[in-house]
Amino acid sequence: MNSLNMLPQWFIVFYVILIGLCCGSFLNVVILRGLSGESYIFSRSKCPKCNNQLTWYMNIPLFSYIFLRGKCAFCKKHISIQYPLIELLCAILFTFTYFHFGLTLKTLFLWIFIALFIAIASTDILQTVIIDIHTYILAICGVLFNLFNFGYTPILSSIIGAVSGFLIMELLAYSGTLFLKHRAFGEGDSLIALSLGAIFGFKNLLIILPLSILIQALISLPILSYEEFKNKNMKLCLSYVFVFISLFIVGFLNFNSTLYNSKIYLLVIIPICILLLWSLKIILNDLKNKKIQNTQDNKSTAFRLLPFGPALIISAAIALFYLDKIKLMIFNFIY
Ligand SMILES: [Zn+2]
């Protein structure tokens, strides 16, 4: 691989982008056929709306979408924006990995991780489904990665991480039954934690899991707030907004050491905590009401508003590149 590093940078970047786009294109197939249960390889690409087989020039990643202006060449119906978005995301992340770790075997492994991350998060976002085989392949690649000693954790810790990742999430899911009368989240999330444990090892998993909860909050609070805005429940809408903002303020104060040691800290943090508690009280009251409503309707949507998988995946994707920085941040936060 070292002789490849002699090539001019732009030439390598060009090919990395191309590989990323093609991989993203294949991921689109993996995601859709995974959800529909079709074979990945043994059937040719068709338009999902009119079932016409696509010719080669309608299958070029990103460019076909642009040339066809987002419409099928046969039936002229809109092609989902998901296709070019996933191709673009894959190409960007592959290029980012190359700039971070160069043309190495480690980069190749990270590309595989990223591809599986995108597949897992996408099926979860599209249909709240996690396809088991995606997580198993991720776990096996994670163990292999640490067998080659690429750096996140020793091989023994990788295996312990996989087992404990699964157990921790199952324990959390079942403890949810005490409050919700059903699992707090699906089995798919436990399988994601298993594969992340295999990649990062037990100790690092204890950093990635809390980070994913923070990310979940940052994703869901604006969405919840917008929902309540549509319901014209302004009190609740503002409560979600306030929790969102205070997460940022408290985070900023804690990570900035000069502020952390000054008197401004107390002046700001005390009113924020009071308002935060007040907002949380409004939110919890609302959740309690929704829960009563749902048990009457025999539905349980109040607590399972958004899938947790994407937050786990985003947290892991950040850790692929910035594990040491996250460790330092959490360390500062606790002490
Ligand atoms: Zn069509």
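Derivation of every value follows stated rules applied to the coordinates shown; laboratory data play no part. In this text, all values refer to a predicted model and were calculated from it rather than measured experimentally. Glycine gets a Cβ as well: all are built from the backbone with ideal geometry, and neighbour counts include every protein chain shown.
A few points about this structure:
- At least 24 Å along the helix axis (C-alpha) and Kyte average at least 0.5, DSSP helices within the chain: 9-36, 82-101, 105-127, 155-180, 187-230, 234-255, 263-297, 309-334
- Of Phe63, Phe200, Phe26, the one that fluctuates the most in a GNM where the chain has Cα springs shorter than 10 Å: Phe63
- Segment 1-103 - Rg (one decimal) and Dmax (whole number), Cα, Å: 15.8, 48
- Of the residues Ser164, Ser195, the one with the fewest other Cβ atoms within 10 Å heads the list, and the complete ranking is Ser164, Ser195.
- When the P(r) is computed for the chain, the part past 34 Å accounts for 37% of the Cα-Cα pairs.
- Residue with peak Gaussian network fluctuation, the chain [Cα springs, cutoff 10 Å], from Asp286, Asp189, Asp124: Asp286
- Percentage relative contact order, the chain, counting C-alpha pairs under 8 Å, at least six apart: 15 percent
- Mean Cα-pair separation over length for segment 1-103, i.e. relative contact order, pairs under 8 Å, 6 or more apart, %: 41 percent
- Entry note, segment 134-215: relative contact order of 41 percent, from Cα contacts under 8 Å with a spacing of 6+ residues.
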